[in-house]
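Engineer: Following this message is one structure expressed as structure tokens.
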Amino acid sequence: MSTMPLTLVSGTTHVEGGRKMSKRTLRFGVLIGLTGGTLMAAWIMIFSAITGHGFLTPLNLIAHTFWRDAPLDGAVRLGAIELGLLIHLTISISIGIVLAILVEHEELDGAMVFFLALGLGAGAWVVQTFAWSSIDGAASASMTPWVFAVAHVIFAVGSALVLRRLTAFAPETTDDPADVNEPAVVTASSLGNRPVPRYR
């Protein structure tokens, strides 16, 4: 199934395949990362609470990676909770922005967006697993591997769904030079598997 190229219109400049990230792309990336990161954290923290390890344990483990005074259990320590949350959301937002940029610059349909998000989630899981064990073996060992893996899948699925939702109401494409001041537009596939529009 093929898709026609996406066309961007920005101000009075007609852009084909431009590489400059727009402010809208950045906003989308932040929202994608926040949503995926929140879903991911909710899964790990709820699972940790249900299994008796403490609701706050995952945040404490993240904080312990950079602050050795952070607890390795579910103890309440405000500084550790804030640090763990900050680190987690920073990484999540960074991945969300990368995803938004890649989708903006490529011609992707709905299925490809999902697989791209899944690939980024899997890559993040591999990198974080090895990096975490190298930096802080004690904290890394306290995280159940399969729970950590499922969390990244949840992040990917949530991010892909949000991205599809954000781009679902893009305006239609026009090649009329008189309309170059209109918002960004998209040429979609005639077979019903609509490509994800670039943002502008």
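Read-outs: derived from the displayed coordinates by stated rules, not from any lab. This is a predicted model, so every value here is computed, not measured. Because the Cβ atoms are built from the backbone with ideal geometry, glycine has one as well, and the counts that use them run over all protein chains shown.
Engineer: Regarding region 20-168, what is the average projected area of its C-alpha convex hull, in nm²?
Structural biologist: For region 20-168, the mean projected area of the Cα convex hull comes to 8.9 nm².
Engineer: Report the residues of region 124-162 in range of a label on Thr38: point 7 Å along Cα→C-beta, backbone N strictly under 20 Å from it.
Structural biologist: From region 124-162, the list is 151-162.
Engineer: Quick one: what does P(r) look like for region 26-111 with 5 Å bins over all Cα pairs, in whole %?
Structural biologist: 3, 16, 19, 19, 16, 10, 8, 5, 3, 0
Engineer: How far is it, in nm, from the label point at Ala75 to the one at Val153 when both lie 7 Å from their Cα along the line to the Cβ?
Structural biologist: 3.5
Engineer: Suppose every Lys and Arg Cβ carries +1 and every Asp and Glu Cβ carries -1, with no other charges. What dipole size does region 20-168 come out with about its Cα centre, to the nearest 20 debye?
Structural biologist: It works out to roughly 360 debye.
Engineer: Along the charge dipole of region 20-168, Cβ charges K/R +1 and D/E -1, which of Leu83, Ser22, Val150 sits furthest on the positive end?
Structural biologist: Result: Ser22.
Engineer: Would you please give the FRET efficiency between Ala138 and Phe115, computed as 1/(1 + (r/R0)^6) with r the Cβ-Cβ distance and R0 = 41 Å, to the nearest 0.05?
Structural biologist: Efficiency computed from Cβ-Cβ geometry: 0.75.
Engineer: What distance in nm lies between label points placed 7 Å from Cα along the C-beta direction at Leu85 and Val126?
Structural biologist: About 3.3 nm separates the two model spin labels.
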